[in-house]
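Worksheet: the structure to be examined is printed underneath.
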Amino acid sequence: MKSMSRRKFVKSSLQATAAAVAVPFLANAAATPALQFAQVALPYPYAALEPSIDAMTMEIHYTKHHAAYVKNVNDAITADKISFESEKDFFANASKLSLKAKNNGGGVWNHNFFWEVMKPGGGAPAGKVAEAINGAFGSFDKFKEEFSKAALGRFGSGWAWLVNDGGKLKIGSTPNQDNPLMDSSELKGTPLLALDVWEHAYYLKYQNKRNEYIANWWNVVNWDAVAKRLG
Ligand code: MN3
């Protein structure tokens, strides 16, 4: 009995060590408080992006959908006993997270980003952003065409992105609430611009016409925010 217990103890200790090595971000007593996600304050009133995006869609999107991602990811962080220094670290370990943590963490981050890359009366890019876009895609029109195609072509729910991948601008899309910061994402890079193409982002006003939502969204892109992220 004694040796059995000892063997069992050694085995479970080894398993515990292996788990600690494989999952280095598990919270422990000495760790700093676990990272919590939060919603940014919406930078404009719900009606500010009318008529491109209607006030009711904005309000439900921000106060219901986005708020739920915050609650759910923070619940998952507690339940999974995970601890990260930053959101960047969280996403760099996305492939090791529970689906609840990954999906809702992505949901919080993506929407915080989305609100900030829009503003009333967007217009067209200027200066270094215009130069970078022309350099990478030929012209602003070509860029819009390719980005819109990525947004329209994303089957089901997801996002279209413009990213800076080591100095090269790229367009792509991700499913669900995945983003280019996730180690599990095919599209990688620093996000510069994003478009939410989940039905909840447009269905009240546009119903099934995702193409019209995309076309009108160009009127509310905040190119100053894109320039800030381009650095
Ligand atoms: Mn959304």
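By the gyration tensor of its Cα atoms, with a ≥ b ≥ c the square roots of the eigenvalues, what is the shape of the chain: rounded for a/c under 1.5, prolate for a/b over b/c, or oblate? The shape class here is prolate. Under a 5 Å amide H cut-off, with hydrogens placed 1.01 Å from N, THR190 pairs with ASN164, ASP165, GLY166 among residues at least 5 apart or on other chains. Computed from the C-beta positions of PHE140 and SER98 and an R0 of 35 Å, the FRET efficiency is 0.30 to the nearest 0.05. Simple spin-label estimate for MET56 and GLN207 gives 1.4 nm between the two label positions (7 Å along the Cα-to-Cβ direction from each Cα). The alpha-carbon atoms of region 89-223 define a convex hull whose volume equals 106 cubic angstrom per residue.
Less than 5 angstrom separates the built amide H of SER157 from those of ASN176, all sequence-distant by 5 or more or on a different chain.
The phi torsions of region 120-137, fed into the Karplus equation with coefficients 6.51, -1.76 and 1.60 and a -60° offset, translate into couplings of x, x, x, x, 10, x, 9, x, 5, 5, 4, 4, 5, 5, 4, x, 7, 10 Hz, rounded to whole numbers, with Gly and Pro shown as x. Averaging the sequence gap over all C-alpha pairs within less than 8 Å and six or more residues apart, then dividing by the number of residues, gives the chain a relative contact order of 22 percent. By definition, a body whose alpha carbon gyration tensor gives a ≥ b ≥ c is oblate when a/c is 1.5 or more and a/b is not larger than b/c, and region 145-231 fits this oblate description. Measuring against 29 Å, Cα to Cα, the residue pairs LYS144/LYS209; LYS102/LYS228; LYS71/LYS128; LYS64/LYS96; LYS100/LYS168 contain LYS71/LYS128; LYS100/LYS168 as the ones spanning a longer distance.
Taking Cα atoms only, the orientation of helix 140-153 departs from the longest principal axis of the chain by about 50 degrees. Model label points for LEU152 and THR63, set 7 angstrom from Cα along the Cα-to-Cβ axis, are 3.4 nm apart.
Read the figures in this text as sums done on the coordinates, not as results from a lab. As the structure is a prediction and not an experimental result, all values here were calculated from the model. Positions of Cβ are backbone-derived with ideal geometry, glycine not excepted, and every protein chain shown enters the neighbour counts.
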